[in-house]
Structures are given as C-alpha cells and as structure tokens.
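A.B. asks: Here's a structure for you.
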Amino acid sequence: MLYTVKEVASIIKTNPSYVYKLINCGKLPAIKLGAYKVRQEALEEFLETYEGMDVTNPEAIKPLK
C-alpha cells in the first residue's frame, strides 16, 4: 500500500512539510510517482526504528548505528 505525503502526515499527526523534511533528509524512504509516495512498510519501519526518540528536528536525528 502506498500513502501520499498528506496521508502520512495525518497518520502520524503532523503536517505535510514535516513529512517532506523526513523524506528529504533520508529518514523516511519514499518513491516519486508524480508526487512522493511512502510504502506502508517504510512508514511502519520508521515508526518502529525511532519509537521513544525525539524526532522533532529530522536533520538532527542521530544515526542508530
């Protein structure tokens, strides 16, 4: 299943510009099919990976390894 940026923003209770930041800094994988789309699995992996962490500023998220 593919989500639009707007749908991802709604799911994680944020705004589309934040989702674009996550995509552009490489934290949330996306595919561009006219507009960016995020696979359901990619969103779930992002949420599991960064659970419990402060991800307010996507550019400042430290690598996990």
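The values are calculated or read from the model by the stated rules, or taken from the named source; none is laboratory data. Keep in mind it's a predicted model, so treat the numbers as computed, not measured. As a convention, Cβ positions derive from the backbone with ideal geometry for all residues, glycine included, and neighbour counts pool all protein chains shown. Heavy atoms of the whole protein, side chains included, go into the accessibility calculation; ligands, DNA and RNA do not. Shrake-Rupley method; radii C 1.70, N 1.55, O 1.52, S 1.80 Å.
A.B. asks: Can you work out the base-10 log of I(q)/I(0) for the chain at q = 0.16, 0.18 1/Å, using the Debye formula on its C-alpha atoms alone?
C.D. replies: -0.47, -0.60
A.B. asks: Assigning unit charges at the beta carbon (Lys, Arg +1; Asp, Glu -1) and nothing else, what dipole magnitude in debye, to the nearest 20, does the chain show about its Cα centre? Don't skip to the answer; put the middle values down first.
C.D. replies: Values: 9 positive and 8 negative charges, 57 e Å.
The calculated dipole for the chain is roughly 280 debye.
A.B. asks: Would you work out what percent of the accessible area of the chain, with all protein chains in place, is carbon or sulfur (probe 1.4 Å)? Before the final figure, lay out each step's value.
C.D. replies: Values: 2440 of 4600 Å².
Its accessible area is 53 percent carbon and sulfur atoms.
A.B. asks: Continuing with this model, one more query. Rounded to the nearest 10 Å², what accessible area does THR56 show when all protein chains are kept and the probe is 1.4 Å?
C.D. replies: Its accessible surface works out to 110 Å², give or take rounding.
A.B. asks: May I pose another question? Hey, rough spin-label estimate for GLU48 and LYS6, points 7 angstrom out along Cα→Cβ, what's it come to in nanometres?
C.D. replies: Distance between label points: 3.0 nm.
A.B. asks: If you don't mind, there's one more thing I want to ask. Going by amide H atoms built from the backbone, whose H comes under 5 Å of the H on TYR3, apart from near neighbours?
C.D. replies: VAL38, ARG39, GLN40
A.B. asks: Express in Å², to the nearest 10, the accessible area of MET53 obtained by rolling a 1.4 Å probe over the protein heavy atoms while all chains stay in place.
C.D. replies: 80
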